[in-house]
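**Q** Provided herewith is a single structure, encoded as structure tokens, for subsequent inquiry.
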Amino acid sequence: MGYSEGATTILRGFKVSVAVLDAFLAANGVHETYGTPNFYKDHPDNAPISKLLYNKIVGYAGAAGSDTDKNKFRVTMPRREGRTHSFVAYVTYAWLSVYAHRELRLEEDLPAEIPAGFEELRKEILSFAGPDKGIPESEKIGDDEGRMGLFAVYAHDLYGEYTPPWMVERYQAPQQCDQCDAVFTSPYVAWDQRQEHRIQVHGVRESRDPFPEG
Ligand SMILES: [Zn+2]
């Protein structure tokens with residue numbers, strides 16, 4: 001699975017110019033992005049940006065941040081193969097990725113409630129857009145700077161890498177038939193053997209490589 005096609009992320013959070021985000025990162029000892037997003041696979045424990053966001057949020061939240069979920073906070077940027085670097089970044093407080101299709105249960109998966117400490121983090125990042133910080137207006141996104149909302153962002157390749165749970169399960173062995181007692185134990189091909197068996201023996205109307213929601 002070294003190759004990734006990327007994925008779309010649906011997120012709640014705010015929009016910020018890369019110039020302002022980078023100024024915030026540099027002031028906190030984290031490398032600027034210059035418009036290239038982090039690899040998603042590094043989130044949340046191996047991505048310096050994600051760690052910085054989380055530490056800021058729990059710092060601001062104080063006692064209210066004792067059960068803050070570090071997985072919620074990350075930076076993503078739009079990225080398509082062959083296009084130039086992004087001008088815009090998004091800072092999340094809730095997100096999910098889409099492999100090909102899935103139902104969006106907003107209240108469950110993308111709750112609108114803003115976690116404690118997030119608004120303070122937003123204000124701190126936006127303070128780098130101030131006139132005293134010297135970022136040219138041409139590098140900022142005007143009225144959209146800091147805009148809160150529900151956004152969809154596609155990032156290609158490893159920048160958007162997302163492996164849905166059903167795909168993770170396919171790489172595991174053993175696999176069991178859901179219609180009889182047959183078990184398939186060969187590493188790597190157990191899921192293929194199970195699928196072949198279900199189609200041949202049970203007449204299941206399914207392709208060899210279906211992609212369910214997720
Ligand atoms: Zn069977």
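**Q** If we sort 100-106, 29-35, 19-25 on the protection proxy, mean other Cβ atoms within 10 Å, highest first, what's the order?
**A** With the highest mean Cβ count within 10 Å placed first, the list reads 19-25, 29-35, 100-106.
**Q** Could you state the angle between the C-alpha long axis of helix 48-61 and the longest principal axis of the C-alpha atoms of the chain, as a value from 0 to 90 degrees rounded to the nearest 10?
**A** It is inclined by approximately 70 degrees.
**Q** Cα centroids of the range 10-75 and the range 158-214: how far apart, whole angstrom?
**A** Computed from Cα coordinates, the inter-centre distance equals 36 Å.
**Q** Further question: Set the bar at 18 Å for Cα to Cα. Now go through Lys51/Lys72; Lys41/Lys123; Lys72/Lys140; Lys41/Lys70; Lys41/Lys140; Lys56/Lys133 and name every pair that lies beyond it.
**A** The pairs that break the limit, which is 18 Å between Cα atoms, are Lys41/Lys123; Lys72/Lys140; Lys41/Lys140; Lys56/Lys133.
**Q** By per-residue mean of other Cβ atoms within 10 Å, what is the highest-first order of 124-133, 36-45?
**A** Taking the mean over residues of other Cβ atoms within 10 Å, the ranking is 36-45, 124-133.
**Q** For Ala182, what charge total do you get from the other residues with a beta carbon under 12 Å from its beta carbon, if Lys and Arg give +1 and Asp and Glu give -1?
**A** In short, -1.
**Q** Then there's this: Would you tally the net charge around Trp166, using a Cβ to Cβ cut-off of less than 11 Å, leaving Trp166 out, and scoring K and R as +1, D and E as -1?
**A** My count for the surroundings of Trp166 gives 0.
**Q** Take the Cα atoms of the chain, find their three principal axes, and give me the spread along each one in whole Å, biggest first.
**A** 72, 44, 28
**Q** Residue by residue, what Karplus-based ³J(HN,Hα) values in Hz, rounded to whole numbers, does the range 112-118 have, using 6.51, -1.76 and 1.60 with θ = phi - 60° and x for Gly and Pro?
**A** After applying 6.51 cos²θ - 1.76 cosθ + 1.60, I find 6, 4, 8, x, 4, x, 5 Hz.
**Q** Still on this structure: Would you mind putting 170-176, 49-55 in packing order, based on average other-beta-carbon counts within 10 Å, highest first?
**A** Ranked from most to least packed, the peptides come out as 49-55, 170-176.
**Q** Where Lys and Arg each count +1 and Asp and Glu each count -1, what net charge lies around Leu96 among other residues with Cβ under 15 Å from its Cβ?
**A** Overall, the nearby charge balance is -2.
**Q** How large is the charge dipole for the range 25-169, taken about the Cα centre, if only the Cβ atoms of Lys, Arg (+1) and Asp, Glu (-1) carry charge, to the nearest 20 debye?
**A** So the magnitude is around 260 debye.
Bear in mind these aren't lab numbers, they're just calculated from the coordinates by the rules spelled out. Values in this document were obtained by computation on a predicted structure and should not be read as measured data. Using ideal geometry, Cβ is built from the backbone for each residue, glycine included, and neighbour counts are taken over all protein chains shown.
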